[in-house]
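Input: a single structure, listed below in structure tokens.
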Amino acid sequence: MGENVSTVSTPATTNVTYLECNEISTGAILLADIIPTLLIKLTAPFFILHISYKIRVLVCVLFSLASFLVVSFSTGIWMSILGVVCASISGGLGETTYFGFSSYFEKNVISAYSSGTGGAGIFGALSYAGLTSAGLTPRSTLLVMTVVPVIMFISFFIVIKKPRQFYQKEYFIKYSEDTSTLLSESEDADDKRKGKLTMRDKLHLLKPLLKYMIPLCVVYIAEYFINQGLYELLYFNDIWLSEKEQYRWYQVDYQLGVFISRSSVNMLKINNLWMLPILQCVNVAILTAQVFLRFIPNIWIIFAIVLFEGLLGGAAFVNTFYKISEDIEAEFKEFSLSAATIADSFGITLAGAISIPTHNHICSLNLKM
């Protein structure tokens, strides 16, 4: 799992082992991954509606492709982090773009999109764990995965059938960019009906979104504290999986839970959004206690808790955006869905900032296994 900094040698007769830690917490990688996304989500809802969807999707595809290529040919940690930043830009811009795009379709598209993102998570984790376990090098695995941005391009530009309103909006954006004529009051009112909001309108719309965004943010703080601060500390010695393999399969297990719950909103709707962060905080307490006390005797119990963690995270995501799609008026829906994506990224950023010092402190304690 990288260079160990807290291994303590003990006499063989005592059979005592101590917790081993990575020199750099995975929380540091998380911050490189989420900060560009957060910056995009904080600013994009206020200007991105004036940019064509075709341009936005093309930028997402190019940054996604760059992320795979940069990381696969990386010669040092900073080049790898640059690749992570490229992936972050693609992900942040993509989420705000596709949630806004979903407003042109019926509300069940939210469920389909959430299910797809959940499937992408498990596909990514499982394909990397599977291909590397099968003998491919990390570089070869990443090069194989460059097929993903190619599929993104084909899906949007060739496969998806856009509704008539979409082409009207794209034409309006192009027309407004190509001319410098001022809109009359009647035209301005018509723009508002089409979803073109003033800065004041947008700031005013943020307040009613807080009841959706705050629970989602808390879920993601707890969730990514577990993922980036605790996963690598939850390994078991002398079992059928190595430390690295345990970490990878925790990720696969988590993504499986996310996929299941993100696909479930049409069968099970959760109206009490605060129930989800409370349960996720219980998971934090249990797994943190496991790091210190080692009271859970079997990795399968950890797998069950991690699966439940993923179920809660996916349920919070899909139910939050589904309720926004149901509750917000049609003319404000495109902005609201894009703006609400700030919540998960802000929560992930806080989780990364918390998990790094927590991870380092736990590693400094030389805990017995």
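Taking the criterion of being of a type outside the set (A, V, I, L, M, F, W, C), in a loop (DSSP other than H, G, I, E, B) and either open to solvent by 10 Å² or more (accessible area, probe 1.4 Å) or farther than 13 Å from residue 102 by Cβ (or both), the only residue of region 327-345 that qualifies is 329.
A search for C-beta distances below 8 Å between a residue of region 304-317 that is touching a residue at least 12 places away in the same chain (Cβ under 8 Å) and any residue that is of a type in the set (Lys, Arg) and in a helix (DSSP H, G or I), counting only pairs 6+ apart in sequence or on different chains, returns 314/262; 315/262; 317/262.
Of all residues in region 90-122, those that are under 11 Å from residue 325 (Cβ atoms) and not hydroxyl-bearing (Ser, Thr, Tyr) total 7.
Consider region 264-284 and keep the residues that are assigned to a loop (DSSP other than H, G, I, E, B), among the hydrophobic types (A, V, I, L, M, F, W, C) and within 19 Å of the chain's Cα centre (by Cα). The one that is surrounded by the most Cβ atoms within 10 Å (Cβ to Cβ) is 265.
Residue count for region 69-99 satisfying the condition of being closer than 14 Å to residue 152 by Cα and in contact (Cβ under 8 Å) with a residue 24 or more places away in the chain: 7.
Of all residues in region 360-369, those satisfying the criterion of being on the phi < 0 side of the Ramachandran plot and touching a strand residue (DSSP E or B) at 6+ places or on another chain (Cβ under 8 Å) are 367, 368, 369.
Looking only at residues in region 40-71 that are among the polar types (S, T, N, Q) and under 21 Å from the mean Cα position of the chain (by Cα), the one that is surrounded by the fewest Cβ atoms within 10 Å (Cβ to Cβ) is 43. Quick one: in region 346-369, of everything that is among the polar types (S, T, N, Q) and open to solvent by 10 Å² or more (accessible area, probe 1.4 Å), which residue is nearest to residue 202 (Cα to Cα)? Here the residue is 349.
The values are calculated or read from the model by the stated rules, or taken from the named source; none is laboratory data. The structure presented is a predicted model; accordingly, all values stated were derived computationally and were not measured. Backbone-built Cβ (ideal geometry, glycine too); neighbour counts: all protein chains shown. We work out accessible area using only protein heavy atoms, side chains counted, and drop any ligands, DNA or RNA first. Shrake-Rupley method; radii C 1.70, N 1.55, O 1.52, S 1.80 Å.
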